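So the structure is just underneath, and the comments pick up after that.
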Ligand code: TRP
């Protein structure tokens, strides 16, 4: 059911730590600053919504300060800049607003507009070894993929991306990063960079926090072909889809030949997927939903999921329409405001880093 790593000591400890963090968030939300984000490579879809956007909206509602990086420099780690990068970035921004991200409360910014953040990459690179970069799960996966393709090689930007990600998180002293269970190692290098920077340049009084991973549920959502939903597989339900497209997505989704509906993700992944989607929007659990539908079969399951999904996406569609009606200037203004705030914070951090490093001239 889960990856072999689950149940491993580190994961158990991380889960316990996450549960404790959830309590602390409720007790004292201003203590936390979340940084997360995505590469602007296309429109966000239902998989993003359920796996990542929903938890950001929840943290925002709990009063935690959230920073979202639209990581445009990360979009060019393995490809040329998209022909219409500004269009993709605006699309992601609309997806955020539709999902319920409040630009008054949450800072949304793009990498490329925040020079001081990017400059942090240089001191950070001095604190990590090539072997450590090579051990990063994404870098490792990219190396393997390049080898499978006959080794076209990896860009230097891809290789250094774990250190860049540390700059994304640490420039604003982010101390909480929501991750899926299988992404725990992604934060390790950031923690290492913070620890080494503090030890080397700020021994008495740690300057950077060692950010914690907040493990959030990130169920894998399948596309209408039964494979993991992803843009490259062409099987997504985009958040910007119309109601008709939403209905058709569920109609097309696969089920299986067993009549009685049960939640068995291993044995019945397609049915489990529909249950996960339906439960997410109905505010229940897949198990409870399976119990409810049970003998009524796949037809009934699809009707229930369609209704929950259409209802759940309706307010998002309304927010999107409202934001879009303001025109592109409205989106650009949100980004300009977010970038201004990110720059203010990054400039200050870089100044303090220069001071600590004895590089203030
Ligand atoms: N790498 C993330 C993605 O692929 C995006 C990202 C960039 C990020 N910087 C980050 C996520 C810092 C968490 C923290 O979508």
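Output yes when any residue across segment 89-97 is in contact (Cβ under 8 Å) with a residue 12 or more places away in the chain and in contact with a strand residue (DSSP E or B) (Cβ under 6 Å, 6 or more places away or on another chain), and no when none is.
Checked against the condition, which is being in contact (Cβ under 8 Å) with a residue 12 or more places away in the chain and in contact with a strand residue (DSSP E or B) (Cβ under 6 Å, 6 or more places away or on another chain), segment 89-97 yields at least one hit.
Which pairs do you get when a residue that is under 20 Å from residue 184 (Cα atoms), found in segment 133-149, comes within reach of a residue that is at pLDDT 90 or above and part of a loop (DSSP other than H, G, I, E, B), reach meaning Cβ atoms under 8 angstrom, with the pair 6+ apart or on two chains?
Listed pairs, sorted by first residue: 133/160.
Among the helices (runs of 4 or more DSSP H) contained in segment 51-161, which hold 1 or more residues that are under 21 Å from residue 319 (Cβ atoms) and away from the ligand (no atom under 13 Å from the Cβ)?
It comes to 54-61, 85-99.
Conditions first: (1) assigned to a loop (DSSP other than H, G, I, E, B); (2) touching a helix residue (DSSP H, G or I) at 6+ places or on another chain (Cβ under 7 Å). Residue 174 passes all but one, so which condition is the exception?
Result: residue 174 passes all but (2).
Identify the residue in segment 235-250 that is more than 20 Å from the chain's Cα centre (by Cα) and in a loop (DSSP other than H, G, I, E, B) and, among all such residues, is surrounded by the most Cβ atoms within 10 Å (Cβ to Cβ).
Checking each candidate, the answer is 241.
I'd like to know if segment 199-222 contains one or more residues that are closer than 21 Å to residue 95 by Cα, surrounded by 19 or more Cβ atoms within 10 Å (Cβ to Cβ), more than 16 Å from the ligand (Cβ to nearest atom) and in contact (Cβ under 8 Å) with a residue 40 or more places away in the chain.
Checked segment 199-222: at least one residue is closer than 21 Å to residue 95 by Cα, surrounded by 19 or more Cβ atoms within 10 Å (Cβ to Cβ), more than 16 Å from the ligand (Cβ to nearest atom) and in contact (Cβ under 8 Å) with a residue 40 or more places away in the chain.
Criterion first (closer than 21 Å to residue 184 by Cβ, more than 10 Å from the ligand (Cβ to nearest atom) and either touching a residue at least 60 places away in the same chain (Cβ under 8 Å) or buried (at least 19 other Cβ atoms within 10 Å of the Cβ) (or both)) does residue 44 satisfy it?
No.
Go through segment 162-173 and count every residue that is within 11 Å of residue 34 (Cα to Cα) and either surrounded by fewer than 24 Cβ atoms within 10 Å (Cβ to Cβ) or more than 8 Å from the ligand (Cβ to nearest atom) (or both).
Looking only at that region, the number is 3.
Among the residues in segment 287-302, are any at pLDDT 95 or above and within 30 Å of residue 68 (Cβ to Cβ)?
no
Any residue at all in segment 182-195 that's farther than 26 Å from residue 20 by Cβ, in a helix (DSSP H, G or I) and away from the ligand (no atom under 12 Å from the Cβ)?
No, there is no match, as no residue in segment 182-195 is farther than 26 Å from residue 20 by Cβ, in a helix (DSSP H, G or I) and away from the ligand (no atom under 12 Å from the Cβ).
The values are calculated or read from the model by the stated rules, or taken from the named source; none is laboratory data. Not measured: the values here are computed from a predicted model. Ideal geometry is used to build each Cβ from the backbone, glycine not excepted, and the neighbour counts take in all protein chains shown.
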